[in-house]
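Peer 1: Sharing a structure here in structure tokens format.
The values are calculated or read from the model by the stated rules, or taken from the named source; none is laboratory data. Every value quoted in this text rests on a predicted model; they were computed, and no experiment measured them. Because the Cβ atoms are built from the backbone with ideal geometry, glycine has one as well, and the counts that use them run over all protein chains shown. Note: areas computed on protein heavy atoms with side chains; ligands, DNA, RNA excluded. Shrake-Rupley method; radii C 1.70, N 1.55, O 1.52, S 1.80 Å.
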Amino acid sequence: MIRAAVLGSPIEHSLSPVLHRAAYQELGLDDWSYDRFEMDEDALPRFIAGLGPEWAGLSLTMPLKRAVIPLLDGISDTAAAVEAVNTVVLTGDGRRLGDNTDIPGIVSALHERGVDAVERATILGAGATASSALAALARVCSGEVTVYVRSKARADEMQEWGERLDVAVRTADWTDAAEGLDAPLVIATTPARATDWLAERVPAAAGTLFDVLYDPWPTALAAAWSERGGRLLGGLDLLVHQAVLQVEQMTGRHTAPLAAMRAAGEAALRARH
């Protein structure tokens with residue numbers, strides 16, 4: 001049996017097993033398994049050290065994306081750009097290589113919906129996903145990115161990421177976030193309910209909203225955006241596209257079954273409600 005798994009804390013909510021198992025079934029990989037393990041930073045080194053030759057790869061969620069880096073033999077330029085690894089591939093010669101599929105996953109999800117290039121963009125929030133969103137915008141946004149934050153420390157951090165990623169970043173106070181909704185692309189990276197107050201401020205000519213949450217869905221902001229006729233992407237879009245890239249890297253298959261993985265994810269979310 002060839003093994004893969006997702007690690008993190010909390011991990012019970014993760015849809016990764018559903019998506020990866022759907023891919024294995026579609027690809028006829030009957031000898032592959034995909035599990036989930038509740039794990040914090042302290043337990044990670046022993047787990048990584050104990051991986052045998054039957055292991056093909058790992059998916060990582062918070063709080064492990066940065067903690068895993070010293071435990072690896074190398075990381076991709078994409079992962080290095082944001083100092084975050086969400087994918088570990090174990091090679092046949094015993095190496096453990098890290099990558100970040102969140103960034104190209106955001107880009108792929110946008111491309112799927114016809115968003116290939118924008119002149120400016122808005123990021124709501126400055127948490128763990130915001131740096132990946134900024135790195136993705138480096139590939140699709142030609143102009144300024146405005147990031148709405150709650151503190152000066154977060155503002156300084158996003159300015160540093162902007163310099164590092166060569167993106168023109170302007171930071172603004174969270175209380176003014178409604179002003180950013182008129183951008184052609186808005187990426188919401190905040191926790192559940194944090195953007196509810198913005199639902200009544202969606203502009204009449206709404207552009208594209210990418211809200212990275214998938215449960216609960218839709219968020220109040222996403223629902224209002226859709227009612228205004230704006231283009232809408234959700235957390236499942238990100239989750240599926242980054243998982244497609246993980247499956248391809250771990251299995252060596254050139255094309256993972258995007259449609260089957262998305263259908264499995266949608267079914268799993270419906271079953272929760």
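Peer 1: Just to confirm the number: angle between the C-alpha axis of helix 16-27 and the first principal axis of the chain, 0 to 90 degrees, nearest 10?
Peer 2: The two axes meet at around 60 degrees.
Peer 1: Dividing the alpha-carbon Rg of the range 140-258 by 2.2 N^0.38 Å yields what? Don't skip to the answer; put the middle values down first.
Peer 2: Values: Rg = 16.0 Å, N = 119, 2.2 N^0.38 = 13.5 Å.
Ratio of Rg to 2.2 N^0.38 Å for the range 140-258: 1.18.
Peer 1: Another one. Pick out, in residue order, every one of the trypsin sites (Lys or Arg not before Pro) in the range 155-225 that is DSSP loop and has at most 13 other C-beta atoms within 10 Å; say none if there are none. Write down the numbers at each step before the final one.
Peer 2: Values: sites: 164, 170, 193, 201; in loops: 193.
Loop-located and lightly packed - 193.
Peer 1: Here are a few candidate values for P(r) over Cα pairs in 10 Å bins from 0, in percent: [x] 7, 26, 35, 24, 7, 2, 0; [y] 6, 21, 26, 23, 15, 6, 2, 0; [z] 7, 30, 35, 22, 6, 0. Which one was actually calculated from the structure I just gave you?
Peer 2: The calculated read-out lines up with [z].
Peer 1: Would you mind checking the tilt of helix 258-271 against the longest principal axis of the Cα atoms of the chain, expressed as 0 to 90 degrees and rounded to 10?
Peer 2: That works out to roughly 80 degrees.
Peer 1: With a 1.4 Å probe and every protein chain kept in, tell me what percent of the accessible surface of the range 103-233 is carbon plus sulfur.
Peer 2: 44 percent
Peer 1: Would you please give the residues with an amide H less than 5 Å from that of residue 35, counting only those at least 5 places away or on a separate chain, with H modeled from the backbone geometry?
Peer 2: 4, 5, 6
Peer 1: Separate question: Round to a whole angstrom and tell me the spacing of the C-alpha centers of the range 106-131 and the range 53-70.
Peer 2: 24 Å
Peer 1: Rounding to the nearest 20 debye, state how big the charge dipole of the range 103-233 is about its Cα centre with +1 on each Lys and Arg Cβ and -1 on each Asp and Glu Cβ.
Peer 2: Rounded to the nearest 20 debye, it is 120 debye.
Peer 1: In addition: To the nearest 0.05, what FRET efficiency results for residue 111 and residue 271 with a Förster distance of 22 Å applied to their C-beta separation?
Peer 2: 0.15
Peer 1: Give me a comma-separated list of calculated 3J(HN,Hα) values for the range 215-228, in order, Karplus coefficients 6.51, -1.76, 1.60 applied at θ = phi - 60°, integers in Hz, x for any Gly or Pro.
Peer 2: Once θ is set to phi - 60°, the couplings for the range 215-228 become 8, x, 8, x, 5, 4, 5, 5, 5, 5, 4, 5, 4, 7 Hz.
Peer 1: What does the accessible area per residue of the chain come to in Å², with a 1.4 Å probe and no ligands, DNA or RNA counted?
Peer 2: Each residue of the chain exposes 45 Å² on average to a 1.4 Å probe.
Peer 1: What GluC sites (Glu not before Pro) in the range 91-180 are in a loop by DSSP, with at most 11 other Cβ atoms within 10 Å of the Cβ?
Peer 2: Of the GluC sites (Glu not before Pro), the ones in loops of the range 91-180 whose Cβ has at most 11 other Cβ atoms within 10 Å are 119.
Peer 1: Using the alpha-carbon atoms, what tilt in degrees (0 to 90, nearest 10) does helix 152-165 show relative to the longest principal axis of the chain?
Peer 2: Taking the Cα atoms of the chain, the angle to 152-165 is about 70 degrees.
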